[in-house]
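Everything below concerns the one structure shown next.
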Amino acid sequence: MPITVTGSSMTGAPALLVNVPLRNTSFVGRTGLLQAVEEQLSTQDTAAVLPHALHGMGGVGKSQLALEYIYRHQQNYKVICWIPAERESLILTALANLAARLRLVPAVLEGGGSAPAANTAVPAVLEALRTGAPCDNWLLVFDNAENVDVVRNYFPVNGPGNIIVTSRNRDWERVATSLPVNVFEREESIELLQKRSPDLSQADADRLAAALGDLPLAVEQAGAWRAVTGMLVEEYLDLLNQRSPEILDLDPAPDYPLTVAAAWDISLERIKENSPGSRELLDICACMAPEPVPLSMLRKSRGIEITPQVDPILRELIKLSRAIRDLTQFSLVKLDLRSDTLQMHRLLQNVLLAKQGPEERERMSNAAHQLLSAAKPGHYASSQEWPAYQALLPHVLSSQAVTSTDPYVRELVYDTTLFLYYWGDFEGAADLARQAYTAWSEASGEEDIRVIRISKILAFLLRVVGDSGESIRLSEQALETSRRVEVDEEDLIDSMIELADARRFQGRFAEARDLGQEATERARMQLGPDDEITLRAAQSWGVDLRLCGQVREALPMDQETARRREEVFGPASSLTLNSLNGLASDIRESGDYPAARLHQEDVHRRARAALGDDNPLTLRIAGNLAVCRRRDGAITTAAKLSDETFNGFVASYGPHHPDSLALAINVSVDRRLTGDLEGSRRLGEETVVRCADRYGENHGHTLLMKANLAATLRALGELSAAQECEDDAATRLAETVGLHHVLTLTVAIGQANTAYQWLEFDRARQIDEANLPLLVEAAGMDHPLTLSCASNLALDLRGLGRRAEADEMEGRAVDGFERVVKEDHPWLLAARQRRRIECDVAPIPL
């Protein structure tokens, strides 16, 4: 049944208020509008969430109306969340904090503790609101929601709650029940004016209201002025008439409220006379976002020079407090002591910006950038610092900090970009990196070191969001420029690593390996074996060696890298855990399945304790553990873990993310092994297409997915489709990674299985006989892949009637399996029972 919201039923406990601004103690009137909102929400069908757009020109009080509704009806809801919706990043921040308050993710600590990652918290809270667990009666307010399509993406579809949208965009009428918000009724204007100035007569209040056009924001401003100054109405009206022509010269936008601009102008002149520094501080804040400005940002700036007028205010807390008090008295800003922020209305920002000439605008923007850079939080990867980055983010974006040439401001932009990535807003990070790269390139040229650095970040982020073409070009350009202009050794090595990473995404594993080797050897010689960049280079080189099938070379190097990282960064560091995760792949692909699983179980426990279950690295480690379990014969527990991890990654990153694709490959294998052949085929076919879209038709990940799909098709009895699939994979692999790569050789095991199932025993024998010595050379005599090929060859020989040879080959295979795998391992059981062994191929993370 629909949720009913009525004033007479307010008997329950107040709702949990999340991010809700302070109540406006000067709110008056609006009885009819509040009733209309209540009626519309009460008829809302719980089967479909419908927004209610409160729209109109600026200054009519849309946000204040929604806020007053919240405080009057907070006992009718269990949770109410206020969501600034002008930018997508603000929506993500509000929803992530709501997830923490609902205990869906680790909580945000009071006083600036850790914050949840957007890419896990936002899907979690939207799903919780949609299902009604743990909260089945909620209200979301999307404030200043101008982009209809973006904002609607964050509606909990069909959830048991209500949504209010405030917006000036009339396009909401297409998708929502519309509630126009107009100026005050005259009696409401008079009520507000007399509330601020009790000595004001009815007639004088009426004259003021008429002059102000009953615009709520203008009435509020005039009331504040008279409350502070006690000026006669006649004098104020004269001032208003004097200011209006000047305001007209500012060429305002069509819905620009002339009356409130003139009213503000009167207050601004008084502030300028009494405190020029306070007036200039307003101009600086006008260059930032209309979202709350952290007062900590102003307090941190006392050690730098902003402007001669503002510096004295910022260097003494008493003067800063006095300036803020003066501004709040005239209703130019609102102070929120709960969040320790101040905020000005976005229309006042428009007035202030319109009054600034080009030179003044540049000076004030530079001052805003200096304030922001002085407040730069700590390391971007630390969740402890994320709340501070979230508070600065809208101001970094709105102030166009990307246009600054100041090195400290550029450092802030660089770190903010990486914060967005680690926080989980990949698209936002890529967009900011592109803005910075474009602006910095134009201002400083391609050879500037900061341009080179941001180009590499942009290249990396473009790969993350799926635009690999431009990413490769930027990576190539960064290394070419780094070599040409002779940058510092650290930057040159970083450029080598970046291009090696890009080559892996292209499937050019040998080139990546050679670059990784050059970077590592150079770093060891120039920077020392324990330097952070040296260890990063070695980590990258180890990945390249694994992808090239050189696991025996990768194993000792990765062991050393993990050991050094643990000594330098500690056992719980994400860098250490990442190295240990790679080491598990080395151990497994070397053929020691029990040791790989034992190792990875420990790494997984450590990651969960240090990072939490939903951390991307923890999920990556869990996915690798699932493969280790499968190879160790624990198929059921492997399938359960891989499915959980796959669902977690898809929910947070989408199905096309590299980790989601790698996990999809493994889940497809697990479904085949647990008997869900149709599910395995469906996911396998989808993943082949997605891998081809992401990496290309000839990439190793695309081809190994084809090989695994062929095994499923074979199990379904679709031999022609299986043969076509694996033959194509084998041909392309031979051309890209080589005939002797263990991946190519594993696919050949499948080709022999198809021939055997066709009852073409001699063709199966030919494939297995040719493959066996190559596997011995590539993987070793006692590697489970080699033993699987030997066991299958025994069946080929037996099918041809060559029993003595078959018995000998089978005995060697069984003896070998008994040495390297557990007693109940499926491959050992298959060898003993004379069944074909299907060898899956697990993707090596890029």
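A few points about this structure:
- Using Cβ point charges alone (K and R +1, D and E -1), the dipole size of the range 758-800 about the Cα centre works out to roughly 100 debye.
- Calculated from the structure at hand, log10 I(q)/I(0) by the Debye sum over Cα atoms at q = 0.04, 0.06, 0.07, 0.11 Å⁻¹ is found among [x] -0.21, -0.46, -0.62, -1.29; [y] -0.24, -0.51, -0.66, -1.23; [z] -0.27, -0.58, -0.77, -1.43 as [y].
- Rounded FRET efficiency, nearest 0.05, which uses the C-beta distance separating SER441 from LYS334 and R0 of 41 Å: 0.55
- Think of the chain as having a plus end and a minus end, set by charges on the Cβ of Lys, Arg, Asp and Glu; of ALA210, GLN343, ALA622, ALA622 sits farthest toward the positive end of this dipole.
- Distance from the range 366-445 to the range 648-666 (C-alpha centre basis), Å: 28 Å
- Of the trypsin sites (Lys or Arg not before Pro) found in the range 749-846, those in coil by DSSP whose Cβ has at most 16 other Cβ atoms within 10 Å are ARG802, LYS822, ARG834, ARG835.
- Each residue of the range 135-141 was assigned a 3J(HN,Hα) from its phi angle through the Karplus expression (A = 6.51, B = -1.76, C = 1.60, θ = phi - 60°), giving 10, 10, 8, 10, 9, 10, 10 Hz with x at Gly and Pro.
- Distant-in-sequence amide H partners of LEU16 (H built 1.01 Å from N, under 5 Å): VAL79, ILE80
- Helices assigned as whole DSSP H runs in the chain whose Cα atoms extend at least 27 Å along their own long axis and whose mean Kyte-Doolittle hydropathy is -0.5 or higher are not found.
- With 27 Å as the limit, the listed pairs LYS62/LYS300; LYS272/LYS376; LYS195/LYS355; LYS62/LYS195; LYS195/LYS334; LYS78/LYS640 have LYS62/LYS300; LYS272/LYS376; LYS195/LYS355; LYS78/LYS640 beyond it between alpha carbons.
- Footprinting exposure proxy ranking of MET231, MET705, fewest other C-beta atoms within 10 angstrom first, gives MET231, MET705.
- Residue (of SER660, PHE649, GLY633) at the positive-pole extreme of the range 624-675, dipole from beta-carbon charges: GLY633
- Electrostatic tally near ALA638: other residues with Cβ closer than 9 Å to its Cβ, Lys and Arg +1, Asp and Glu -1, net +2.
- Separation between Cα centres of the range 795-814 and the range 112-184, rounded to whole Å: 67 Å
- Were the residues from GLU521 through ILE449 laid out at 0.36 nm apart, the gain over their Cα-Cα distance would be 23.6 nm.
- Note on ARG605 and GLN75: with the Förster distance fixed at 41 Å, the Cβ-Cβ geometry gives a FRET efficiency of about 0.35.
- Only Lys, Arg, Asp and Glu carry charge here, each on its Cβ (+1 for the first two, -1 for the last two); on that basis the chain has a dipole of about 1740 debye about its Cα centre.
- Helix-only [θ]222 nm of the chain, DSSP H runs n ≥ 4, -39500 (n - 2.57) each, per residue, nearest 500: -21500 deg cm²/dmol
- At full extension, GLU808 and ARG483 could sit 111.1 nm farther apart than now, given 0.36 nm per residue minus the alpha carbon distance.
- Computed extension length for ASN274-VAL175: 30.7 nm, one decimal, from 0.36 nm per residue of separation with the Cα-Cα distance subtracted.
- Around the Cα centre of the range 470-592, unit charges on the Cβ atoms of Lys, Arg, Asp and Glu (plus for the first two, minus for the last two) sum to a dipole of about 420 debye.
- Once you reduce the range 581-624 and the range 308-357 to the center of their Cα atoms, the two points are 52 Å from each other.
Readers should treat all values here as calculations from the given coordinates under stated rules, not as data from a laboratory. Computed from a prediction, not measured in an experiment: that's the story for all the values here. Methodologically, a virtual Cβ is constructed for each residue, glycine included, from the backbone with ideal geometry; neighbour enumeration extends over all protein chains shown.
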